[in-house]
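*Asks:* Okay, here's the structure, questions in a sec.
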Amino acid sequence: MAADKIQTILATDCGSTTTKSILIEYSEEAGRYRLARRGEAPTTVEAPAEDVTKGVLNAVGEIEDLESRRFLKPDESGVHVREGSGDGVDLYVSTSSAGGGLQMTVAGVVKSMTGESAQRAALGAGAIVMDIVASNDRRLPHEKVEDIRRLRPDMILLSGGIDGGTIDHVVELAEIIRAADPKPRFGVGFKLPVIYAGNKDAAGAVKKELGTIVELKIVDNLRPVLERENLGPARDLIHELFMEHVMAQAPGYAHLMEWTGRFEDGKWKNVPIMPTPGAVGKLIERVAKMEDIHVMGVDIGGATTDVFSVFDSSGEPVFNRTVSANLGMSYSISNVLASAGMDNVMRWVPFHVDEADLRNRIRNKMIRPTTIPQELEELIIEQAIAREALRLALVQHKDLATGLKGVAQERTIGDAFEQTQTGATLVNMMDLNLLIGSGGVLSHAPRRSQTALMLIDSFLPEGVTMLAVDSIFMMPHLGVLSEVHPQAAVDVFNNDCLIKLGHCVAPSGSFKKAAHLATVSMVMPDGKTVEEKIIPGEMKHIVLGAGEKAKAVITPIKGIDIGNGPGEVWEGELEGGVVGLVLDGRGRHPFNLPEGDAERVKMLQTWSQVLDTYPERFLTMGGGK
Amino acid sequence: MAFAYTPGLRVADVADVAKTRRLPLKGEVLVNTGDVVKAETIVARTELPGNVKMFNIANMLGVPPSDIPELLLKKEGEPIDAQEPLAQSKGLFGKYFKSTVKSPIAGVFESFNEITGQAVLREPPIPVEIDGYVNGKVIEVLPGEGVVVETHCTFVQGIFGIGGEVRGELKRVCSKPDEEITADKITPDCKGKILIGGNYISHAVLKKAIATGVHAVVVGGFDDQDLKNLLGFDLGVAITGHEKLGITLILTEGFGKMTMAEGTFDLLSKREGMTASVNGATQIRAGVMRPEIVVPLTEEAMSDQTSTRQAGAMDIGSSIRCIRSPFFGMIGTVAALPPELQVVDSEAKVRVLQVEFDNGKKYTVPRANVELIEG
């Protein structure tokens, strides 16, 4: 069926915890594709099913129930992709992060140069990077060998040396891989895929070392010269090998891979399953390009948290993605606690809670990862943990989303007082225009104001930033759909997926004692003029609906920055959303919560009340006010 | 849709359970299809490549890597003893001040690289054997990889465990599922046994069990703070089974004080005195793995009951157990499966079911918060 005749599309995302299905249909009336239904079910990689397709059948079955139509084959043996009219759908696509995702080890000569480039290539392809082996990583060769064996990656990406550069060090890395004689996690007897994307002059020697013991593939150097990365070929090959070698071994995937596709001129055309993070990244990149803005996106899942960003480097937009492999809200929830520390989690809980009880609750969520909070108290605790998972994921992202390290810089006498290093982070929260949240805890928060506050507390946006949320968590679906039917993906993304929460205005900078940080003068949509002061330590909420704009002049005090530099006036339009405008006077650099327990709880309660994040009864939890 | 799939742990009075015993690398299978094996029977063996020692001969002799081959005293692939000369420089006039590089390990001289000057020596292979784990019958041989052993058994899955495979006689130490395993219950005759407890065991009592030589403890709950104290670190990701604690601990319910499910407690109590194989290995990630208690049945122990496993199909009338607050541990039957999303206490709009508890009261709970009980 030609793309322009596709009427009904089914897309699923098999997450580590939940399988989400969406039904997209072309509406003659609206003249565009629109989201028709959504279903979800627990992912079924665990016993008794141990087959990912069961969760898919269940999630699609929910849509069938709600629509009173059939989308599964009569014997429920798969999704029914029709050739002509009748029951079923015209196109079925899927993404997946179940099965632990793609786990890779990467290798490069210098850790902060080719090692980091290899890491970016792997992350960009949707992988979890378990280890970076480098000539200068301070481990002895036998320790590197042991680590490769112990971690049992699904795939290894070997890079190193610019074209025409070192050969010795690259061959040394190949020797280490050869000595480790790595075996894949799944499928005894299979050879481990190893991609070589390093110095082209070393390719022959690498082939000699590894050719017989691993499934060696050679692509173009991912860092042909110091000043430039060429990640595309390695990234594409990782996708390809992921499908062939890794996903095909996970429970039930062999079947699911056969289900996805459509008929084109009577012939079945398969659409490959895409790793979830790869699909989300495609969408974020598209948004940044279409709107010509700086964008960050975060997708917090059960096992991992992915952060995506598009910021400028040397005047060019650069896309970066990081995956925090062990920061998530179910499978990895205990690791959030272990990484952040109990005090950091508890600081976000707006009532008193016993530490031992909190530990047990978190651990019980980890061992039963598909359960959801039924009670308000449990929801609030999960949202506190989410703040820390998001904060830690951002820290990791800032560390990796950097300019290329080791690049020669031309300095003039004017730079003498500003010795910026190469490889500084590209993430600048003051330059950020749009922050998009996605993933269960953000997309399914009962009140959108909860999402807004979680994003603000964890990412601490500075200046004027639009906050948005993936309405029902469908960015992965639309990411893979954009590959086969861009129009349908764009229609649904713009109209049904992205929900603007509203602008957040957060003054940044240091001040000693001030009655206010900035004055915001606004001409509201009804023509009225409103003036608000942003008070230190306070949050304010101004009602401004979705699509509504206010002309604003923001005048900061000396030393405070809103976006145009310390003390400089900001003029522009503030846009509302389903939450409204948020004026955040809690400070940045530093942002600190009160240290005293009683005062901290009081402040959290006050901020929550300002944004109306929870029903009033939360004030009586944990022994009351 | 007439049913919903939902995750659930297996608690089966009688079941045929097949355990795959697979080598980490290809090797030799020692038994045949149809053989009856004991838990202790070695069913397959292999040799893991030995650890490697890498060192740079060129640097040690101070000559270019390309000159090394003619200085080597051993050929690639040849066995070598510890301290045996591996290469020797030509010295002055071919006679004096010769430098010798000796092998730091016994093993094989695996390779030398003329580009880097690096030599790779490998220690002797490490033998690995796998046993049958359970008493049963070999139903399939995976050539060069291992076997599948099937056993007719009582099978119980726990929710979380630590420690690996152990065997022992089942011994009940609590009279009720809501009773705590206290220190006085750990007596000298518990040595080598698998203890079946009630709702809780503390770290102090578990330490006493380790000191007594208890092989495993199966209990309802344990505190997370105690887990941290036991392991010596905060467990981040739940991949366990390799701990060397001197005991295997299996939790049937979760963290905190949690009454063991009555069905689980009764079933394990019924099997008291029998030998069980248990494994605490838990992997709550890809290819989820839960800890287990396998009690191979003798002829006398077999009841005529059979387990009717339903692959997670839930329908009206299905028996379920709530696995999250506020009804954690309560058992009931599914009274309704409304397709529409409904709002719960947290204000979240979720897919729910209506459960009728034994006291006749009906409540609405998220479908995600229940597990099926096999019947």
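Each value in this text was obtained by applying a stated rule to the coordinates, not by laboratory testing. Fair warning: this is a prediction, and the values are worked out from it, not measured in the lab. Note: ideal-geometry Cβ built from the backbone for every residue, glycine included; neighbour counts use all protein chains shown.
*Asks:* Between segment A:535-611 and segment B:129-159, how far is it from one alpha carbon centroid to the other, in angstrom?
*Replies:* Using only Cα atoms to place each centre, the spacing works out to 62 Å.
*Asks:* Let me ask something additional. Report, in whole Å, the centroid distance computed from the Cα atoms of segment A:312-381 and segment A:421-485.
*Replies:* 17 Å
*Asks:* Work out the charge dipole of segment B:68-223 with +1 on the Cβ of Lys and Arg and -1 on the Cβ of Asp and Glu about the Cα centre, then indicate which of B:Pro143, B:Val218, B:Ile115 is farthest towards its positive end.
*Replies:* Of the listed residues, the answer is B:Ile115.
*Asks:* Here's something else I'd like to know. Are there trypsin sites (Lys or Arg not before Pro) in segment A:547-583 that DSSP puts in a loop and that have at most 10 other Cβ atoms within 10 Å, and which ones?
*Replies:* Passing both the DSSP loop test and the Cβ count: A:Lys558.
*Asks:* What does the charge count around B:Ala211 come to, taking other residues whose C-beta lies under 15 Å from its C-beta (Lys +1, Arg +1, Asp -1, Glu -1)?
*Replies:* Details: positive: B:Lys185, B:Lys191, B:Lys193, B:Lys207, B:Lys208; negative: B:Asp184, B:Asp189.
Neighbour charge sum, excluding B:Ala211 itself: +3.
*Asks:* So what's segment A:35-185 giving for Rg/Rh, alpha carbon basis, Kirkwood Rh from the mean inverse pair distance?
*Replies:* Reported Rg/Rh, Kirkwood definition of Rh: 1.20.
*Asks:* Over 55 Å, how big is the tail of the calculated P(r) for the protein assembly as shown, in percent of all Cα pairs?
*Replies:* 19 percent
*Asks:* I would also like to ask the following. Would you mind checking the tilt of helix B:203-212 against the longest principal axis of the Cα atoms of chain B, expressed as 0 to 90 degrees and rounded to 10?
*Replies:* With rounding to tens, the tilt is 60 degrees.
*Asks:* Divide by every residue of chain B the summed helix terms, -39500 (n - 2.57) for each DSSP H run of at least 4, and state the resulting mean residue ellipticity at 222 nm, rounded to the nearest 500 deg cm²/dmol.
*Replies:* Calculated from helices alone, the mean residue ellipticity at 222 nm is -2500 deg cm²/dmol.
*Asks:* Loop-only check: which trypsin sites (Lys or Arg not before Pro) in segment A:425-524 are DSSP coil with at most 16 other Cβ within 10 angstrom?
*Replies:* Answer by residue number: A:Lys512, A:Lys513.
*Asks:* Continuing with this model, one more query. Add -39500 (n - 2.57) for each DSSP H run of 4 or more in chain A, then divide by its residues: what number comes out at 222 nm, to the nearest 500 deg cm²/dmol?
*Replies:* Numbers: 17 runs with 189 residues, N = 625.
Result for chain A, helices only: -9000 deg cm²/dmol.
*Asks:* Also, quick follow-up: For B:Asp67 and B:Gln88 in the same chain, what is the full-extension length gain: residue separation times 0.36 nm, less their Cα-Cα distance, in nm? Spell out each step's value before the answer.
*Replies:* Details: separation 21, 0.36 × 21 = 7.56 nm, distance 1.14 nm.
Extending this stretch completely gives an extra 6.4 nm.
*Asks:* Once label points are set 7 Å from the Cα along Cα→Cβ at both B:Lys102 and B:His242, what is their separation, rounded to one decimal in nm?
*Replies:* Roughly 3.4 nm, to one decimal.
*Asks:* Rounded, prolate or oblate: pick one for segment A:101-248, where a ≥ b ≥ c are the square roots of the eigenvalues of its C-alpha gyration tensor, a/c under 1.5 means rounded, and failing that, prolate if a/b is larger than b/c, else oblate.
*Replies:* Judged from the Cα gyration tensor, segment A:101-248 comes out rounded (a/c under 1.5).
*Asks:* How big is the antiparallel share of DSSP beta bridges in the protein assembly as shown, given as a percent to the nearest 5?
*Replies:* The antiparallel proportion sits near 75 percent.
*Asks:* Can you flag which of A:Lys54/B:Lys137; A:Lys20/A:Lys73; A:Lys365/B:Lys207; A:Lys183/B:Lys102; A:Lys217/A:Lys269; B:Lys207/B:Lys257 are past 21 Å Cα-Cα? Intermediate results must be reported in sequence, preceding the final value.
*Replies:* Values: A:Lys54/B:Lys137 30 Å; A:Lys20/A:Lys73 19 Å; A:Lys365/B:Lys207 26 Å; A:Lys183/B:Lys102 31 Å; A:Lys217/A:Lys269 26 Å; B:Lys207/B:Lys257 18 Å.
The pairs that break the limit, which is 21 Å between Cα atoms, are A:Lys54/B:Lys137; A:Lys365/B:Lys207; A:Lys183/B:Lys102; A:Lys217/A:Lys269.
*Asks:* Right, next: Using R₀ = 30 Å, calculate the FRET efficiency as 1/(1 + (r/R₀)^6) where r is the Cβ-Cβ separation of A:Glu258 and A:Arg69; round to 0.05.
*Replies:* The formula returns an efficiency of 0.85 here.
*Asks:* Of the listed pairs A:Lys282/A:Lys500; B:Lys185/B:Lys208; B:Lys171/B:Lys191; A:Lys191/B:Lys53, which have alpha-carbon separations greater than 18 Å here?
*Replies:* A:Lys282/A:Lys500; A:Lys191/B:Lys53
*Asks:* Oh, and also: Quick one: which residues, 5 or more positions from A:Asp131 or on another chain, have an amide H under 5 Å from its amide H? H modelled 1.01 Å from N in the peptide plane, none for Pro or chain starts.
*Replies:* Here the answer is A:Val106, since their amide H atoms fall under 5 Å of that of A:Asp131.
*Asks:* Among residues other than A:Ser508 whose Cβ falls under 14 Å from its Cβ, what is the net charge (Lys/Arg +1, Asp/Glu -1)?
*Replies:* Details: positive: A:Lys558, A:Arg586, A:Arg588; negative: A:Asp431, A:Glu462, A:Asp561, A:Glu568, A:Asp584.
Net charge around A:Ser508: -2.
*Asks:* Follow-up. In whole Hz, what ³J(HN,Hα) sequence does segment B:191-197 give by Karplus (6.51, -1.76, 1.60; θ = phi - 60°), x for Gly and Pro?
*Replies:* Computed from phi, the couplings for segment B:191-197 are 4, x, 9, 10, 8, 9, x Hz.
*Asks:* From the square roots a ≥ b ≥ c of the eigenvalues of the alpha-carbon gyration tensor of segment A:540-591, which class results: rounded (a/c under 1.5), prolate (a/b over b/c), or oblate?
*Replies:* oblate
*Asks:* Count the net charge of all other residues whose Cβ sits under 13 Å from the Cβ of B:Ala336, scoring Lys and Arg as +1 and Asp and Glu as -1. Write down the numbers at each step before the final one.
*Replies:* Details: positive: B:Arg351, B:Lys362, B:Arg367; negative: B:Asp315, B:Glu340, B:Glu356.
Overall, the nearby charge balance is 0.
*Asks:* Here is a further query. If each residue's Cβ is checked for other Cβ atoms within 10 Å, how do A:Ser159, A:Ser68 rank with the fewest at the top?
*Replies:* On the way: A:Ser159 31, A:Ser68 7.
By the 10 Å Cβ count, ascending: A:Ser68, A:Ser159.
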